[in-house]
């Protein structure tokens, strides 16, 4: 049964993870995934600094300090990029590590100055602690989440444009910098409210994991955002239960491991972009190409001489496997004394394969400039890809050279 | 568009004293140029001459060190809706999760303004733009599945959907197939005949006389601007490309020969 405290944490963490998925989608697609990480790490010195300055462990005071130093970190990244020759990735790396280092040093300072109870509080910000979340915290997370989701919904068109093609957006008169900053502030707020639960080190992963997982399942931005929100919800709910049942582990790593499980499944099992499908598709494609090559070889052998023996066309083990497939498909049959022969459907199929390959090769010879971008092995025939007049021209050339496959007519 | 001659109609584009620098090195230096009448203009020059930068400077995509740009007599920030833009194809991530139609619809965003989503009439006009570039059957494909030439045509359709008066195209002919090149040049003619101005960053000197009325020859400085017949001369090209032109031709031939092998 769900007790009250767990229910509060559940609502809070889930709202946090859903919103992270949504704003994370824009971050990931804008190739700014690391900016979230920089924001999170850069927040530590501000968080500890606020504690040192005011010597109070008031959550919202600490988070305000965190937000200030996180924004300072982002400003430093922008300044390094603008005024020095340091590139963005290096600038992010510098800010992330320097701010985080400063934060750790400050937190040791804080430990030396205060009692054991307070220092434990600060440490929980590193790796996260969901147990401390109270009703009021969860309420604030939910409100901020709703505001964030509302902004994304209202500005969906604008954010889509700026994320896809910022140059075009500027040319069309959109305040691209402002929209970018808005997304970054949404990310910043999201990171801050996630800090207590998930921790400085891993909170940014909550932005990245649902979005990257969602990308595997869809080719549409709106669907991707809904999926990222859904994955966020799954991660939030599962992560909360897991971290509640494994009290000895910090919450951040437990939640993030849940997220990486979602990512792993997406990466493997997604229907079009998933690895499993890709491996199967590649395997089938290789088999298909091998069968085509063998059909072509048997056909051309017969064109010049007579039906070949196995020895004359089989050179590698892959070809033996291809032969078994062709026989199984009823395209080739074995005659006595090791000869191979095309069946009637086999003949039809071989002629289409041979014609396709001769037309493609003729296209390569006559249009070397276009060949690179248009030739596609997965298309056996040229008809689907090349314009009709080119196809006619190629047909004519193949005929003129006496290379039109006509074995079945003999 | 209204083509009735006005007595003192403002220039289509007026580029005044524009300088753009990157780390203190001028990429464009004191460019003074006015395109008075609607025309079809090629921007030519060697690599690094600032051709794309000129377009970006006019559109406000790069900061000006000095100078100003006026479009139809107004500051560009007030005339955005009159300007269509075809960026370089490499400037975006083609694995982005949007369809071809989505991309073309982005051309209508400027007209729609804040918050409003494209509706039925925008979809219809976007589909018509796709038809004009021959991509209508691919409208619902993800953009990554297009070939290079088709991607370029999708960008072109997006610019058409902007329904602009003045178009800037940054190397639309780079690395495209012959079919796409024909489509693009056909559209340039069509836009021109409708009284629109099209400024095209171009690299293929052979096709300039066939397709363009005017040329802008650029090498950080403005070398020459005028009609193709009077301005596209060996003398001006030598000034633009320096000793490079001969080298350029040899290099181009060598590349072609090696591609044939």
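Structure data summary
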{"item": "Residue within the stretch A:241-250 that is more than 21 Å from the chain's Cα centre (by Cα), at pLDDT below 90, buried (at least 20 other Cβ atoms within 10 Å of the Cβ) and not assigned by TED's automatic domain parsing to the domain that holds residue A:17 present", "result": "yes"}
{"item": "Failed item in (1) surrounded by fewer than 16 Cβ atoms within 10 Å (Cβ to Cβ); (2) touching a strand residue (DSSP E or B) at 6+ places or on another chain (Cβ under 7 Å); (3) within 11 Å of chain A (Cβ to nearest Cβ), with residue B:68 passing the rest", "result": "(3)"}
{"item": "Lone unmet requirement of (1) crowded, with 18+ Cβ neighbours inside 10 Å; (2) more than 14 Å from chain B (Cβ to nearest Cβ) for residue A:395", "result": "(1)"}
{"item": "Number of positions in the stretch B:32-59 that are at positive phi and in contact with a helix residue (DSSP H, G or I) (Cβ under 6 Å, 6 or more places away or on another chain)", "result": "1"}
{"item": "Hits in the stretch B:84-96 (condition: under 15 Å from residue B:146 (Cβ atoms), in contact (Cβ under 8 Å) with a residue 24 or more places away in the chain and at the interface with chain A (Cβ under 8 Å from one of its Cβ atoms))", "result": "B:96"}
{"item": "Elements of type helices (runs of 4 or more DSSP H) contained in the stretch A:96-177, each with 1 or more residues being more than 18 Å from residue A:188 (Cβ to Cβ) and touching a strand residue (DSSP E or B) at 6+ places or on another chain (Cβ under 6 Å)", "result": "A:166-171"}
{"item": "Subset tally (residues that are more than 14 Å from chain A (Cβ to nearest Cβ), under 26 Å from residue B:50 (Cβ atoms) and touching a residue at least 60 places away in the same chain (Cβ under 8 Å)) for the stretch B:173-190", "result": "1"}
{"item": "Qualifying residue in the stretch A:203-223 (condition: outside any helix (DSSP H, G or I) and away from chain B (no Cβ under 14 Å))", "result": "yes"}
{"item": "Of the criteria (1) away from every other protein chain (no Cβ under 14 Å); (2) without any contact (Cβ under 8 Å) to a residue 12 or more places away in the chain; (3) part of a helix (DSSP H, G or I), which one residue A:248 fails", "result": "(3)"}
{"item": "Residue within the stretch A:335-352 that is closer than 28 Å to residue B:148 by Cα, more than 14 Å from every other protein chain (Cβ to nearest Cβ), touching a residue at least 40 places away in the same chain (Cβ under 8 Å) and part of a helix (DSSP H, G or I) present", "result": "no"}
{"item": "Selected residue [within 14 Å of another protein chain (Cβ to nearest Cβ) and either touching a strand residue (DSSP E or B) at 6+ places or on another chain (Cβ under 8 Å) or part of a helix (DSSP H, G or I) (or both)] from A:27, A:44", "result": "A:27"}
{"item": "The stretch A:78-94: number of residues that are under 30 Å from the mean Cα position of the chain (by Cα) and either within 20 Å of residue B:62 (Cα to Cα) or not assigned by TED's automatic domain parsing to the domain that holds residue A:192 (or both)", "result": "9"}
{"item": "Residues of the stretch B:119-138 classified as in a loop (DSSP other than H, G, I, E, B) and surrounded by fewer than 19 Cβ atoms within 10 Å (Cβ to Cβ), total", "result": "2"}
{"item": "Looking only at the stretch A:132-141, and only at residues there that are touching a helix residue (DSSP H, G or I) at 6+ places or on another chain (Cβ under 8 Å) and either within 14 Å of chain B (Cβ to nearest Cβ) or surrounded by fewer than 18 Cβ atoms within 10 Å (Cβ to Cβ) (or both), the one that is farthest from residue A:251 (Cα to Cα)", "result": "A:140"}
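Yes or no, residue by residue, for (1) farther than 24 Å from residue B:196 by Cα; (2) more than 9 Å from chain A (Cβ to nearest Cβ):
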{"site": "B:82", "(1), (2)": "no, yes"}
{"site": "B:98", "(1), (2)": "yes, no"}
{"site": "B:112", "(1), (2)": "no, no"}
{"site": "B:120", "(1), (2)": "yes, yes"}
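For every residue, the table says whether it meets (1) surrounded by fewer than 18 Cβ atoms within 10 Å (Cβ to Cβ); (2) within 24 Å of residue A:59 (Cβ to Cβ); (3) in contact (Cβ under 8 Å) with a residue 12 or more places away in the chain.
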{"site": "A:100", "(1), (2), (3)": "no, yes, yes"}
{"site": "A:108", "(1), (2), (3)": "yes, yes, no"}
{"site": "A:113", "(1), (2), (3)": "yes, yes, yes"}
{"site": "A:148", "(1), (2), (3)": "no, yes, yes"}
{"site": "A:153", "(1), (2), (3)": "yes, no, no"}
{"site": "A:162", "(1), (2), (3)": "no, no, yes"}
{"site": "A:168", "(1), (2), (3)": "no, no, no"}
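The values are calculated or read from the model by the stated rules, or taken from the named source; none is laboratory data. Just so we're clear, the structure is a prediction, and the values are computed from it rather than from any experiment. Positions of Cβ are backbone-derived with ideal geometry, glycine not excepted, and every protein chain shown enters the neighbour counts.
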